[in-house]
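Single-structure report; data block below.
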Amino acid sequence: MFLLVVFLMCLFVVIGTGVLAGLSDIRGLTIPNMYSALVIGAFVLCYAALWLGGRDDVFASLSSHIVGAALVFLITLAMFMFKIIGAGDSKFATALAFWVGVKGLFPFIIYMSFVGGALALLALALQKWTPFKSPKPDSWVARVQGGESKVPYGVAIVIGALASFAKIGYFSGDVLSSFVLQ
């Protein structure tokens with residue numbers, strides 16, 4: 001039961017941090033480094049606790065998680081270098097990739113891309129029709145309506161990670177009940 005509490009606590013920290021990162025990105029197009037550090041710290045704590053408690057079946061191998069994060073880092077680094085995403089987006093996506101590993105990488109990237117594309121279309125609509133008369137200064141909406149081509153990609157990153165978490169089974173009844181049955 002203790003391991004279930006640790007797993008859920010770490011998962012809720014990651015989800016809560018993701019929500020905060022998405023909001024921060026919408027409000028000012030920034031994702032603080034602390035959010036990435038919290039996500040990585042929660043992964044390290046959770047992985048270590050489950051491994052030491054004999055529940056290494058919940059996650060893939062550590063190398064899978066490291067390789068997943070490395071691949072996302074390389075992809076997002078290239079995107080940052082071509083000014084497609086910001087550095088905070090790259091760091092946050094890499095931090096969340098530790099949680100998804102190689103097993104969850106495909107749904108993570110696919111959902112992140114779809115949501116990012118939808119946000120880009122929304123940005124184009126905001127530029128064209130400027131529906132908000134006085135958005136908060138320096139917010140994403142104000143900057144886009146002012147002519148900038150920006151997308152709060154942190155929102156897409158979080159939704160991609162949550163979809164991947166569901167696909168991997170972090171929220172499944174089988175995984176959660178397995179903690180109680182052992």
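The values are calculated or read from the model by the stated rules, or taken from the named source; none is laboratory data. Only a predicted model underlies this, so the values are computations on that prediction, with no experimental measurement involved. Here Cβ is always computed from backbone atoms with ideal geometry, including for glycine, and neighbour counts include all displayed protein chains.
Within the range 86-111, if we keep just the residues that are β-branched (Val, Ile, Thr) and crowded, with 22+ Cβ neighbours inside 10 Å, the residue that is farthest from residue 57 (Cα to Cα) turns out to be 94.
Say whether the condition of being outside any helix (DSSP H, G or I), over 18 Å from the mean Cα position of the chain (by Cα) and closer than 27 Å to residue 149 by Cβ is met by at least one residue in the range 29-50. No, the range 29-50 contains no residue that is outside any helix (DSSP H, G or I), over 18 Å from the mean Cα position of the chain (by Cα) and closer than 27 Å to residue 149 by Cβ. For the range 54-72, filtered to residues that are small (Gly, Ala, Ser) and surrounded by fewer than 16 Cβ atoms within 10 Å (Cβ to Cβ), the residue that is farthest from the chain's Cα centre (by Cα) is 54.
State whether the residues of the range 128-143 include one that is hydroxyl-bearing (Ser, Thr, Tyr), crowded, with 16+ Cβ neighbours inside 10 Å and not in a loop (DSSP other than H, G, I, E, B). No - not one qualifying residue is present in the range 128-143. The requirement of being at pLDDT below 95, part of a helix (DSSP H, G or I) and farther than 21 Å from residue 27 by Cβ is fulfilled nowhere in the range 96-107; no residue meets it. Evaluating residue 46 against the criteria (1) under 18 Å from residue 171 (Cα atoms); (2) modelled with pLDDT of 95 or more; (3) loosely packed, with under 14 Cβ neighbours inside 10 Å leaves one unmet condition, (3).
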